[in-house]
Amino acid sequence: MSVISEENVRGGNVFKDIGAEDGDWEPTVIESMCMNCHQNGTTRLLLTKIPFFKEIIVSSFSCDNCSWSNTEIQSAGRIQEQGIIYTLQVQCKQDLDREVVKADSATTRIPELDFEIPAFTQKGALSTVEGLLDRAMAGLEQDQPIRRATDPDVADRIDEFIQKLKKLKDVEEEFTLVIEDPSGNSFVENPVAPQKDEALTVTRFKRTAQQDVQLGIRADDDFDEEPAGNDLDTMRNEVLTFSTNCPECNAPASTNMKLVQIPHFKEVIIMATNCDSCSHRTNEVKSGGATEELGTKITLNVTEPSDMTRDVLKSETCSISIPELEFEMGMAALGGKFTTLEGLLKDIKDLTVSKNPFVSGDSGTTDRVQKLNEFGEKIDKIIAGDMKIHFILDDPAGNSYLQNVYAPDPDPEMTVEKYVRTFEQNEDLGINDMKTEGYQEES
């Protein structure tokens with residue numbers, strides 16, 4: 001039996017990557033009551049990570065007395081700042097094998113069948129797309145014997161609907177799977193990562209007050225309360241410190257916050273967390289101002305190693321793309337960052353290669369490992385100045401920045417475009433004004 005001790009929590013990360021090297025790492029085993037026969041059974045807890053996602057707790061219960069079993073997952077991460085919507089176009093049977101983390105706060109929809117599983121009606125699950133369909137069919141079939149006895153017409157209609165769900169597993173026609181989670185803790189696998197998945201659309205949204213109440217992060221009676229304001233002069237002149245928990249090992253840590261003026265740009269809030277327990281360090285950047293009227297697209301032609309020293313401010317609403325690598329990373333994947341171009345490229349490599357469990361252990365496939373390693377090698381070549389690329393920051397909020405080393409003169413290797421946001425981008429940013437698409441280049 002494995003025990004989560006104080007030393008485990010403070011000395012290292014208890015959420016480990018699954019791999020062949022972790023032979024001594026066993027699930028936590030707890031004796032617990034069976035909800036079916038009310039005798040004692042066994043619950044196993046496994047704390048692990050999902051590649052390109054976050055930490056989760058997988059729990060599995062089994063009862064030797066009545067043979068009843070149950071498996072569910074819970075997010076071990078904090079509720080995210082924004083909700084998330086995954087829209088997957090299921091085009092072939094391989095799409096049914098995609099891994100899915102469905103939090104209990106997530107709503108699942110299949111628009112083609114007008115089918116919906118509301119939030120908080122199922123426990124969280126770590127499964128596949130096919131597994132979600134099987135689970136939905138099992139839920140509908142559960143009370144069919146009673147329905148056939150009490151209301152045969154309803155039972156017949158449900159049988160017809162179950163057959164429609166079964167046909168989806170043959171993928172004779174494309175269908176859409178939508179998972180909407182206001183907590184931001186659900187996940188659908190991108191099997192071609194780090195490349196863009198053409199079949200999968202990921203959008204983030206600002207939660208409503210009612211959704212905050214449902215998630216338990218807002219009281220029912222505080223809708224009219226205004227948050228206390230901060231003294232901007234104090235933030236400009238001092239470093240503010242507040243207590244928090246390390247995002248890596250969850251040990252108590254402290255976060256420093258400072259309002260900083262970036263030359264030729266604007267004020268931003270930089271937050272840095274240092275953990276004394278596991279030495280993990282992180283920094284996050286928040287815009288100090290409002291959303292700009294126009295979005296910003298910055299394109300840098302990286303031609304020499306000195307470009308790696310350019311300062312970069314990537315806001316949490318900014319996406320990154322490198323056309324030469326067929327690489328695209330959506331907004332919020334790395335959060336807000338204030339670093340250099342070299343530092344940002346290293347963060348991208350860490351996220352996609354170095355800290356990706358698919359690369360090591362028995363969870364990795366030969367093709368995927370080779371593909372990700374080749375991507376990491378190309379990132380190293382870019383940093384060393386051996387590969388020329390175009391580095392693109394696209395921020396619909398207009399709050400990202402890439403240093404112009406020729407300032408105040410124009411930078412011959414960099415273009416900055418201001419564009420009118422689409423209606424969809426305004427929705428993602430929580431802005432209600434409608435504007436048409438278009439670009440206008442800044443001189």
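Just so it is clear, none of the values below were taken in a lab; they were calculated from the coordinates. Just so it is clear, the model here is predicted, and its values are computed rather than measured. Note: ideal-geometry Cβ built from the backbone for every residue, glycine included; neighbour counts use all protein chains shown.
Residue by residue, the stretch 338-351 carries 3J(HN,Hα) couplings of 10, 7, 9, 4, 4, x, 5, 5, 5, 5, 5, 5, 4, 5 Hz when phi is fed to the Karplus relation 6.51 cos²θ - 1.76 cosθ + 1.60 (θ = phi - 60°); x denotes Gly or Pro.
Built from the Cα atoms of the stretch 150-196, the convex hull projects on average onto 6.1 nm², one quarter of its surface area. Sequence-ordered 3J(HN,Hα) estimates for the stretch 31-46 from the Karplus curve with 6.51, -1.76 and 1.60 and θ = phi - 60° stand at 7, 8, 7, 7, 7, 8, 10, 6, 9, 7, x, 10, 10, 10, 10, 10 Hz, glycine and proline given as x.
Taking the Kirkwood radius as Rh and the Cα radius of gyration as Rg, the stretch 76-200 has a ratio of Rg/Rh equal to 1.00.
For the pair residue 261 and residue 340, the difference between a 0.36 nm per residue extended length and the Cα-Cα distance amounts to 26.8 nm.
Per-residue Karplus couplings for the stretch 107-112, computed as 6.51 cos²θ - 1.76 cosθ + 1.60 with θ equal to phi - 60°, are listed in order as 9, 10, 9, 10, x, 4 Hz, Gly and Pro entered as x. The simple spin-label model puts a point 7 Å past each Cα toward its Cβ; for residue 81 and residue 212 those points are separated by 1.5 nm. Annotation note: GluC sites (Glu not before Pro) in the stretch 276-347 located in DSSP loop regions with a Cβ neighbour count of at most 13 within 10 Å are 293, 326.
If I stretch the segment between residue 67 and residue 280 completely, what's the gain in nm (0.36 nm per residue apart, minus their alpha carbon distance), one decimal? All intermediate terms of the calculation are to be shown ahead of the outcome.
On the way: separation 213, 0.36 × 213 = 76.68 nm, distance 4.35 nm.
Extra length from residue 67 to residue 280 when fully extended: 72.3 nm.
If R0 equals 30 Å, the separation of the Cβ atoms of residue 92 and residue 134 corresponds to a calculated FRET efficiency of about 0.95.
Taking a point 7 Å from the Cα of residue 162 along the Cα-to-Cβ direction, the residues of the stretch 83-119 with backbone N closer than 20 Å to it are 110, 113-118.
Principal axis extents of the C-alpha atoms in the stretch 384-436 (largest first, rounded to whole Å): 43, 27, 16.
Which of the residue pairs 314/418; 206/286; 93/349; 196/371 have a Cα-Cα distance greater than 19 Å in the structure shown? Going by Cα-Cα distance, 93/349 fall outside the 19 Å limit.
Given R0 = 25 Å, the distance between the Cβ atoms of residue 26 and residue 141 translates into a calculated FRET efficiency of 0.10.
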